[in-house]
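Below: the structure, in C-alpha cells.
Read the figures in this text as sums done on the coordinates, not as results from a lab. Nothing here was measured: the structure is a model prediction, and the numbers come from that model. All Cβ positions, even for glycine, are placed from backbone atoms using ideal geometry, and neighbour counts span all protein chains on display.
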Amino acid sequence: MKIHAPLLMLCLAASLSLAQDTKPTTQSKFGPTVEIPAEPSHHLKIQNDYIRAYYAEVAPQQSTLMHHHGTDYIGVSFGPNEIDSTSPDGKVKHVVFADGQVTYTPAGVVHAFTDRASTPFRNATVELLQNHGGPVCVNNCASDPRAKEWPPLTEESKLIGYGDTFRISEAIIKPQQTVSTDEPFPHLVVLVTDMHAHTGPPGNGGMDFSQKAGDMMFHGGHPDHGLTNVGDHEMRLVVIEFKPAPAKQ
C-alpha cells in the first residue's frame, strides 16, 4: 500500500500532539512520593519489634523528597527547628519546634519539608510498629487513665505522654547527680544533649562513657546499675518505655 508524503506528515504531527497532551503538565519540585526508607534525609538507626528509629538531617534551605509516613510516629527535635511542610496539593504549613520538643503524628501523612532556619534541621523520627492508630496523648497527660498501668516516674523524670503500649518521659540529670537505672520495660533512649556519664557505683567501679546529642539506644529491661552525670552540663534524654511485645507464635 502506497502512503502519500502529505498524509504521512499529518499522521506524525497528530501522534506528536497526542504524546504531548498525555505528559503531566506539572511536576512537584520535591520529586515523586517515596516511603521513608527511600527518603535520603532519613537514616535508619534502630529496627526491632517495637520501633523503626530514624535520624533525620536537612541542611539550611534544603528540602526532603515528598514522602509518605505509613506508620504512627513520635518526633524528637534536636535543637530548635523551623520548617515549611508542603503537602502534595501545594499547601504549606510553617512549623517551629523547640529544642527537645516531642510530637506525635498518626500514620498517613504525605509531605516534603524545607529547613527554614540558618542551622541544620535534626530530629529523631520513631515509628511505633505496635500502635496501629491507637490513641496517643502528648503533653498535659497526667490524668490519662493509662497512668495507672505504669510505675511512678523517678524524681529527675517528667511525664510527656502515653499510648496504649508505651509511655514517654523526659529525664534531666544535673552535673554530678546519680540516678537509678532500674527499668523493667524495654525502652528507647533518645539523647537531646551530649552525655558524659559514669555507669555503675560512683567512684572507682563501673565505666565512663560519652555520647552525642541525637544518639539513640534501645535496651531491654534491666536492674539498677546507677548513672552519674560526670559532665559540666545537664543531660537531657527522652525515654520511650514499651510494654513487652507479644510472644511470636
Notebook entry, point to check: Filter segment 116-155 for residues that are more than 16 Å from the chain's Cα centre (by Cα) and outside any loop (DSSP other than H, G, I, E, B); which is surrounded by the fewest Cβ atoms within 10 Å (Cβ to Cβ)?
Noted result: Lys148
Notebook entry, point to check: Within segment 164-174, restricting attention to residues that are outside any strand (DSSP E or B) and out of contact with any helix residue (DSSP H, G or I) (no Cβ under 8 Å at 6 or more places or on another chain), which residue is nearest to Ile51 (Cα to Cα)?
Noted result: Thr165
Item checked: Considering residues of segment 184-204 that are surrounded by 15 or more Cβ atoms within 10 Å (Cβ to Cβ) and in contact with a Gly (Cβ under 6 Å, 6 or more places away or on another chain) only, the residue farthest from Pro244 (Cα to Cα) -> His196
Notebook entry, point to check: Right, Gly231: free of Cβ contacts under 8 Å to residues at least 60 places away in the same chain and on the phi > 0 side of the Ramachandran plot or not?
Noted result: no
Notebook entry, point to check: With respect to the numbered conditions (1) under 19 Å from Val95 (Cα atoms); (2) of a type outside the set (Lys, Arg); (3) in a strand (DSSP E or B), which one is the sole condition not fulfilled by Ala53?
Noted result: (1)
Next item on the list: Return the total of residues in segment 101-115 being surrounded by 17 or more Cβ atoms within 10 Å (Cβ to Cβ) and not hydroxyl-bearing (Ser, Thr, Tyr).
Entry: 6
Next item on the list: Considering every residue within segment 30-43, establish whether at least one is in contact (Cβ under 8 Å) with a residue 24 or more places away in the chain, assigned to a strand (DSSP E or B) and under 10 Å from the mean Cα position of the chain (by Cα).
Entry: yes
Margin query: Pairs please, first residue from segment 74-92 and over 20 Å from Tyr54 (Cα atoms), second anywhere and of a type in the set (Gly, Ala, Ser), Cβ atoms under 8 Å, 6+ apart in sequence or on different chains.
Written below: Thr86/Ala112; Pro88/Ser28; Val92/Ser85
Notebook entry, point to check: From the residues in segment 53-67 that are within 18 Å of His111 (Cβ to Cβ) and under 13 Å from the mean Cα position of the chain (by Cα), which one is surrounded by the most Cβ atoms within 10 Å (Cβ to Cβ)?
Noted result: Tyr54
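To keep it simple, each residue is scored yes or no on (1) more than 25 Å from Gly134 (Cα to Cα); (2) without any contact (Cβ under 8 Å) to a residue 40 or more places away in the chain; (3) in contact with a Cys (Cβ under 9 Å, 6 or more places away or on another chain).
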site: Thr165; (1), (2), (3): no, no, no
site: Glu170; (1), (2), (3): no, no, no
site: Gln177; (1), (2), (3): yes, no, no
site: Ser180; (1), (2), (3): yes, no, no
site: Glu183; (1), (2), (3): no, no, no
site: His187; (1), (2), (3): no, no, no
site: Val190; (1), (2), (3): no, no, no
site: Met195; (1), (2), (3): yes, no, no
site: Thr199; (1), (2), (3): yes, yes, no
